[in-house]
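*Asks:* Structure in structure tokens, see below.
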Amino acid sequence: MAEINQAPLTMTAVEIARPGGPEVLRPARRPVPTPGSGEILIEVHAAGINRPDILQRQGNYPPPPGASDIPGLEVAGRVSAIGENVQGWTIGAPVCALLAGGGYAEFTAAPVEQCLPIPAGLSMSEAAAIPETLFTCWTNLVDGGHLKSGETVLIHGGSSGIGTMGIQLSKALGARVIVTAGSPAKCAACLELGADLAIDYKAEDFVKGVKAATGGRGADLVLDMIGGDYVRRNIEAMAPGGRHISIATQAGSEAMIPIFRIMQKRLILTGSTLRARSPAEKGAIAKALFREVWPLIAAGRVLPRIHAAFPLAEAAQAHRMLEEGLHVGKIVLTTR
Ligand SMILES: NC(=O)c1ccc[n+]([C@@H]2O[C@H](COP(=O)([O-])OP(=O)(O)OC[C@H]3O[C@@H](n4cnc5c(N)ncnc54)[C@H](OP(=O)(O)O)[C@@H]3O)[C@@H](O)[C@H]2O)c1
């Protein structure tokens, strides 16, 4: 049975007025969503910012069918109302959720499969910073990449939101972690987070660096958010039987690849997107995270790194900071 919705009728949300730069992000009044069957209404305390939000704002990453046009892929807050066919949640409970959109708002509705209790010890801002990175890292490093203890993983963009989480998760899984990052300061931050080696890709060829660090063998797994020419170079930097996981194409969505090297090394090239997957698929990842990663968070072994927090109405400023690219970890919006 659905519980009575105590939420107000309208809320502040940040909408994308038209495709463009950060200035098109505009606070507006919107109706508070009504949770549908299988959904929870969340009073949002904090929302994470992700690179895909920038692409959406620019008009290059439309929300999947049925998703809110308001940006925002992750939130933390308190349960405000409960839709039909939802068990196990109570009004007021702290919750964090992965969304297909709608996070830059005072309230948002989320499929219950994508909701998780806030891990012990995390603030609302920290909890808002984990769903997108952890769902992405888990499904790519573990489900798709089959990362095993003792293997070497190469993570590009080590200082990104995804990278900072990928480093810690990979270390917790017993892997050796090599990252690339674009400055000495970012490399130092990655080492502090547990990376075994951080290569400043602007100063050093990462292929040579990976080969030197692995006795010429290469990396067993590559988590690639760069694409373009990096794919060919990744293939050179990979060990026999290696897996290459594409999660973004920041340097280009097409690549020329040496097919014979793939055959010689028996490589697997795959990739994934998260946003358009069904609540059931996301729910399967959520269950694995709750079982395997929530204890690591509670033990302090895997923690979000917050670079900055902005009030919701200053989402444009937060996007400017992300695009400037000097951040290490996550930028979040707060509503209170
Ligand atoms: N497939 C999925 O399901 C999925 C889900 C979430 C996110 N993503 C993708 O994952 C990436 C990271 O997301 P985020 O929110 O963590 O973004 P972010 O913090 O803005 O990170 C972007 C990173 O890319 C690095 N980078 C950009 N161009 C580069 C280049 N030419 N060579 C090497 N590194 C480069 C930057 O490192 P430097 O500043 O050091 O250059 C930066 O660390 C984004 O591309 C996003 O679209 C994919």
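The values are calculated or read from the model by the stated rules, or taken from the named source; none is laboratory data. All of these numbers come straight from a predicted model, not from anything done at the bench. Don't worry about glycine lacking a Cβ; one is built from the backbone with ideal geometry, like all the others, and counts go over all protein chains shown. Accessible surface is based on the protein model in full, side chains and every heavy atom, while ligands, DNA and RNA are left aside. Shrake-Rupley method; radii C 1.70, N 1.55, O 1.52, S 1.80 Å.
*Asks:* Within the range 239-257, track down each residue that is crowded, with 18+ Cβ neighbours inside 10 Å and free of Cβ contacts under 8 Å to residues at least 40 places away in the same chain.
*Replies:* Those that are crowded, with 18+ Cβ neighbours inside 10 Å and free of Cβ contacts under 8 Å to residues at least 40 places away in the same chain: G242, H244, S246, A255.
*Asks:* A follow-up question, please. Only one residue in I54, I70, I16 is closer than 21 Å to H319 by Cβ, touching a Lys or Arg at 6+ places or on another chain (Cβ under 6 Å) and of a type in the set (A, V, I, L, M), so which one is that?
*Replies:* When all the criteria are applied, what remains is I16.
*Asks:* What are the pairs, 6+ residues apart or on separate chains, where a residue within the range 321-336 that is on the phi > 0 side of the Ramachandran plot has its Cβ under 7 Å from a residue that is buried (at least 22 other Cβ atoms within 10 Å of the Cβ)?
*Replies:* These pairs meet every condition: G329/G161; G329/T164; G329/P304.
*Asks:* With the checklist (1) touching a residue at least 12 places away in the same chain (Cβ under 8 Å); (2) under 17 Å from the mean Cα position of the chain (by Cα) in hand, flag the one item G300 doesn't pass.
*Replies:* (2)
*Asks:* State whether one or more residues within the range 141-152 are open to solvent by less than 10 Å² (accessible area, probe 1.4 Å), under 17 Å from the mean Cα position of the chain (by Cα) and farther than 21 Å from A239 by Cα.
*Replies:* No - not one qualifying residue is present in the range 141-152.
*Asks:* I've got another one for you. Name the single residue that is nearest to E126 (Cα to Cα) among those in the range 153-171 being more than 9 Å from the ligand (Cβ to nearest atom) and open to solvent by 10 Å² or more (accessible area, probe 1.4 Å).
*Replies:* Looking at the filtered set, the residue picked out is Q168.
*Asks:* Kindly evaluate A219 against the criterion of being touching a Ser or Thr at 6+ places or on another chain (Cβ under 7 Å) and either buried (at least 23 other Cβ atoms within 10 Å of the Cβ) or not basic (K, R) (or both).
*Replies:* yes
*Asks:* Return the pairs, sorted by first residue and then second, in which the second residue is open to solvent by 70 Å² or more (accessible area, probe 1.4 Å) and in a loop (DSSP other than H, G, I, E, B), the first residue lies in the range 178-205 and is in contact (Cβ under 8 Å) with a residue 40 or more places away in the chain, the beta carbons are less than 7 Å apart, and the residues are 6+ apart or on different chains.
*Replies:* Going by the 7 Å Cβ cut-off, the qualifying pairs are I178/D196; G182/Y201; G182/K202; L193/R305.
*Asks:* Can I ask one more? Quick one: would you say E106 is of a type in the set (D, E, K, R) and open to solvent by less than 10 Å² (accessible area, probe 1.4 Å)?
*Replies:* So E106 fails the test.
*Asks:* Please determine, by comparing only the residues of the range 1-50 that are of a type in the set (D, E) and at pLDDT 95 or above, which one is farthest from the chain's Cα centre (by Cα).
*Replies:* E23
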